[in-house]
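The values are calculated or read from the model by the stated rules, or taken from the named source; none is laboratory data. The model shown is predicted, which means the values in this text are computed figures rather than measured ones. Please note: Cβ atoms are built from the backbone with ideal geometry, for glycine as well, and neighbour counts cover all protein chains shown. Heads up: the accessible areas ignore ligands, DNA and RNA and are worked out on the full protein's heavy atoms, side chains in. Shrake-Rupley method; radii C 1.70, N 1.55, O 1.52, S 1.80 Å.
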Amino acid sequence: MDKSKFLSRIDLFQKLSTEELMQIEPITPMNIIKKGTIIASPQHGGKLLYLVKSGMVRLYKLSEGGKELTVDLLRVGHIFGEIGSFTISSENMYAEAWEDCVICTINKPQFEQLMREKPELALHFIEIISTRLKEVEEMMEHMAYGSVRKRLLFLLHKLSEKFGSGTTQEWIELEVKLTHQELASMMGSIRETVSEQLTQLAAEGIVSKEGLRKPLRVHPERLKMAWEVCR
C-alpha cells in the first residue's frame, strides 16, 4: 500500500483527494516503531502531531506515586501529540507503542501552513480536539472516583465501542487482546483485583473468555444493566 493510501486512513485527512494526499506526503515522514517504545512524553520538547497508520498506541499518565494510568488506546486513523497551543490528548501524557506501529509525524510550521492552505482541515481538526478532550475527561473522571467494579464496567463499555465486533446477536468480541495486568494498568488497579472482578462478571454472564488466547467477549445489554446499577 502506498503512502497516500495510508494517509487516507487518518481521520484528519479522510476527505482529501488522492492528489491532495500526495501533496502532503513529503511533510509527513513515516517511521516504524517497535512495540514498547515510548513515542512521546512530557520531557520530549518537540511540537509534533503523530498520525497512527498501523498498529496501536497507548496513552498514559503517571500518578503521584509513579503508577501508570492508561487513558486511551489509539488505533489506525487516530492522531495525538501537541502542535503549539493545541493538544490532542492531555497534558503530561506519555504515548507508547502497544504493538509494532507505523507512525507519521508533522511539525508545527508545516502543520500551520497546511491549516492556512486548507481551512476545512482546520475546522475538522478543532472537532477532533473537542471530541478527544471530552473522551479523556470522561475517562479520567470515572477512573479517579469510581469503584473498581464501576471502572471495569466503564472500561469494557469503551473498549467494546472502539474495538468490538459482533460475533452473535448477543455478544461483542473485543478485537484487542488485553491481559488482566494490562486491564489493571488501564484502570489504575492491580491484577489480582481485576481478575476477581472479571470472574464475578463472567458468573453474571456479562463477559466471556474461552481460553487464554481467545479475545474477551462482552454482552452489551447485561453490561449496560450492570453499569446503570453502579451509576
> What are the residue pairs meeting all of these: first residue in the range 1-20, first residue of a type in the set (D, E, K, R), second residue modelled with pLDDT of 80 or more, Cβ atoms under 6 Å, and 6 or more apart or on different chains?
Replying inline: 3/25; 9/76; 9/77; 11/77
> When the residues of the range 151-187 are filtered to those that are farther than 21 Å from residue 99 by Cα and touching a Lys or Arg at 6+ places or on another chain (Cβ under 7 Å), which remaining residue is most open to solvent (accessible area, probe 1.4 Å)?
Replying inline: 167
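Within the range 198-213, does at least one residue satisfy the condition of being open to solvent by 70 Å² or more (accessible area, probe 1.4 Å), within 25 Å of residue 67 (Cα to Cα) and modelled with pLDDT of 85 or more?
In the first step, residues of the range 198-213 are kept if they are open to solvent by 70 Å² or more (accessible area, probe 1.4 Å); the result is 199-200, 203-204, 209-210, 212-213.
Going one step further and asking which of them are within 25 Å of residue 67 (Cα to Cα), we end up with 199.
Now narrow it down to the ones that are modelled with pLDDT of 85 or more: 199.
Taking every residue of the range 198-213 in turn, at least one turns out to be open to solvent by 70 Å² or more (accessible area, probe 1.4 Å), within 25 Å of residue 67 (Cα to Cα) and modelled with pLDDT of 85 or more.
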>> Out of the residues in the range 148-173 meeting the condition of being modelled with pLDDT under 85 and polar (S, T, N, Q), tell me which one is nearest to the chain's Cα centre (by Cα).
In response: 165
